[in-house]
Amino acid sequence: MPLLRFLEWSARQGSALLAAGIFLGLFIPPLAALFRDVVTPTVAGLMTLVLLRTDPAQVIAYLKRPLLVAVLLGWLLLACPLLAFAIAWATGLDGPLGAGLVIVATGCAATSSPAFARLVGLDGEISLVVAVLSTLLVPLTAPPLALGLMGIDLSISLGALMLRLALVVGLPLLLSIALRRLLGRERLLSIGRAVDGASVWLVVLYGFGVMHGVLAQLLADPAWMLGGILLGFAANAGLNIATAAAFAPAGRRVALAAGLLSGNRNIALYLAVLPATTEPRLLLFFVLCQFPLFLSPFMLRPAYARLAPK
């Protein structure tokens, strides 16, 4: 079928499509405006497809290694913010960028992490486990760290977050179970690459929407915006490298997947919960961090192809 072939092609070109998508959203404001309100549906759809392509036995295998999962969660949610704070303090980085660097490091793993891991040939299963569990824990860890380290009140309502989790994790889980039973294992395997391609397009649509209004800001203050983008890339790469090095004893595939998780944080959560009185440039920095998130699969895929054991 033409649609299946197109989606399979999209999976093969996924990294390039993600990179192109965020720039299309940036430079075509009407496109960004059109998709700015579809972020939650695209995230829920992406999680459904991720769960379809996840090996349940492998997920259970990682859950049977609670020490590894607990240490990885502790590193992501507690150690990384302290590391980011130490770097900001040592370099004299303050203001919205300094605060943004630390708060980004308090974030949970991005919902798209399992899909990104599959795109670059890493384990989607450990990425799924940590993405879901870190999202459950972030209301307990991020607010006290942000307040204690940077004096910023992250008013994350546990009830509101649980409702969001039910929408973007609970419903996709039920839908994926139903689809698995309807399609059957053999059929699901045969269309696996097409499912990956559909995941790519959902992330691209999310990228369109998240770029709403960014071009106007870029034209108004290009120096600050470019500085924020560079810091976003530095934060993404720094967290990735530090985490991969810290978890090297767990094996290369786990360490590389953990690094990708650590670099790509769910900043959209903070954009949703922070009050309107928040420093505008802090919110803008969170948006700029979407650039390294979308470009990292394109930029890092060749490196992972060389580093990840087959």
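The values are calculated or read from the model by the stated rules, or taken from the named source; none is laboratory data. Just so we're clear, the structure is a prediction, and the values are computed from it rather than from any experiment. A quick note on method: Cβ atoms are made from the backbone with ideal geometry, for glycine too, and the neighbour counts reach across all protein chains shown. Heads up: the accessible areas ignore ligands, DNA and RNA and are worked out on the full protein's heavy atoms, side chains in. Shrake-Rupley method; radii C 1.70, N 1.55, O 1.52, S 1.80 Å.
Below, the figures for the structure above:
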| read-out | value |
| --- | --- |
| Filter result for A32 (part of a helix (DSSP H, G or I) and either closer than 22 Å to N236 by Cβ or touching a Gly at 6+ places or on another chain (Cβ under 7 Å) (or both)) | yes |
| Unmet criterion (only one of (1) more than 29 Å from I126 (Cβ to Cβ); (2) assigned to a helix (DSSP H, G or I); (3) open to solvent by 50 Å² or more (accessible area, probe 1.4 Å)) for D37 | (2) |
| Subset tally (residues that are in contact (Cβ under 8 Å) with a residue 60 or more places away in the chain and over 23 Å from F298 (Cα atoms)) for segment 30-43 | 6 |
| Residue tally, condition open to solvent by 20 Å² or more (accessible area, probe 1.4 Å) and either free of Cβ contacts under 8 Å to residues at least 24 places away in the same chain or of a type in the set (V, I, T) (or both), over segment 44-60 | 4 |
| Selection count where residues are more than 20 Å from the chain's Cα centre (by Cα) and among the small types (G, A, S), scope segment 68-91 | 3 |
| Count of segment 105-119 residues which are open to solvent by 10 Å² or more (accessible area, probe 1.4 Å) and either assigned to a loop (DSSP other than H, G, I, E, B) or within 11 Å of C80 (Cβ to Cβ) (or both) | 2 |
| Some residue of segment 111-122 being modelled with pLDDT of 90 or more and closer than 21 Å to A258 by Cβ | no |
| Members of segment 64-93 that are surrounded by fewer than 13 Cβ atoms within 10 Å (Cβ to Cβ) and closer than 27 Å to T48 by Cβ | K64, P66 |
| Condition met for P96 (in a helix (DSSP H, G or I), in contact with a Gly (Cβ under 7 Å, 6 or more places away or on another chain) and either open to solvent by less than 30 Å² (accessible area, probe 1.4 Å) or not acidic (D, E) (or both)) | no |
